[in-house]
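K.L.:
This is the structure, below, for whatever I ask next.
Read-outs throughout are calculated quantities, based only on the coordinates presented, and are distinct from any laboratory measurement. These numbers come from a predicted model, not from an experiment. Neighbour counts are summed over all protein chains in view; Cβ atoms, including those assigned to glycine, are modelled from backbone coordinates with ideal geometry.
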Amino acid sequence: MIFRQLINTSSLALSYLLADKAGGDAILIDPQATQYTLLQALISEYRLHLKWTLLTHQHRAVGNNNNPFPDVPVLGPQEAIKHSGQLHIGSTPVQVIPTPGHTHDDVCYLWHDRLFCGDTLHPAGCPAPNGESLPGSWYDSVNGKLFTLPDETLVFPGHLNDGRTVSTILEERRRNAVFGLATRDLFIARVNQLADNGLAPADPPHPGAA
């Protein structure tokens, strides 16, 4: 397989190129239009056939109007879900996991042992809420769908967070103070309080802290 993580140095957004090396099929997750030259070079270098551009949510990264590859279909969250919850790179499945919360139509993508979660989950924290956020659904999506994945699943977020570009489900379940260690009611209250300010929920105290 081929896997590349790309960082937009101005926005700190993370994008991903995934490919089946044998068959040459590839997909992009949340690419930035400003990365066109680099992406084109990688696709040419590896002799890939770009099959789709996948978005984790609609207000993130590209849309049809600024797609780096206009001839390649852009699958937003709803279009991706319609593919019976599963896409393929060659013979390898890419599971589509609906995770509403940060926005109403967020999805995550699971490929091999790697989870691409956009703005649903950041290492050891929570992305900033916005006017579209549904805090109860968000908490349920993370705890009910993502935290039930195998411990060793690698978590790749949509933005650089304190210099971190990857985590694991086990680490997030045990150490994420916003999701893993907070109650649902506390999470909802914090998101509702801070959403208008565009701030991420402050970490609640660790259990047992003074």
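K.L.:
Beta carbons within 10 angstrom, averaged per residue: use that to sort the peptides 21-32, 118-129, highest first.
P.N.:
118-129, 21-32
K.L.:
Name the most mobile residue of Tyr109, Tyr139, Tyr46, meaning the one with the largest mean-square fluctuation, in a Gaussian network model of the chain with Cα contacts below 10 Å.
P.N.:
In the Gaussian network model the winner is Tyr46.
K.L.:
With labels modelled as points extended 7 Å from the Cα through the Cβ direction, what inter-label distance (nm, one decimal) is found for Lys21 paired with Tyr46?
P.N.:
1.0 nm
K.L.:
Here is a follow-up. In debye, nearest 20, what is the charge dipole magnitude of region 2-197 about its Cα centre with +1 on Lys and Arg Cβ and -1 on Asp and Glu Cβ, if you could check? Show your work: numbers first, answer last.
P.N.:
On the way: 14 positive and 19 negative charges, 45 e Å.
Around 220 debye, computed over region 2-197.
K.L.:
Just the Kirkwood number for region 2-197, please: inverse of mean 1/r across all distinct Cα pairs, in Å, one decimal.
P.N.:
16.9 Å
K.L.:
How many nm is it between the label spots at Asp151 and Phe3, if each spot is 7 Å from the Cα in line with the beta carbon?
P.N.:
Once both label points are built, they end up 1.9 nm from each other.
K.L.:
Rounded to the nearest 5, what % of the DSSP beta bridges within region 2-197 are antiparallel ones?
P.N.:
75 percent
K.L.:
Taking R0 as 25 Å, what's the FRET efficiency between Leu12 and Ala189 from their Cβ-Cβ distance, rounded to 0.05?
P.N.:
On the way: r = 28 Å, r/R0 = 1.12.
Rounded to the nearest 0.05, the efficiency is 0.35.
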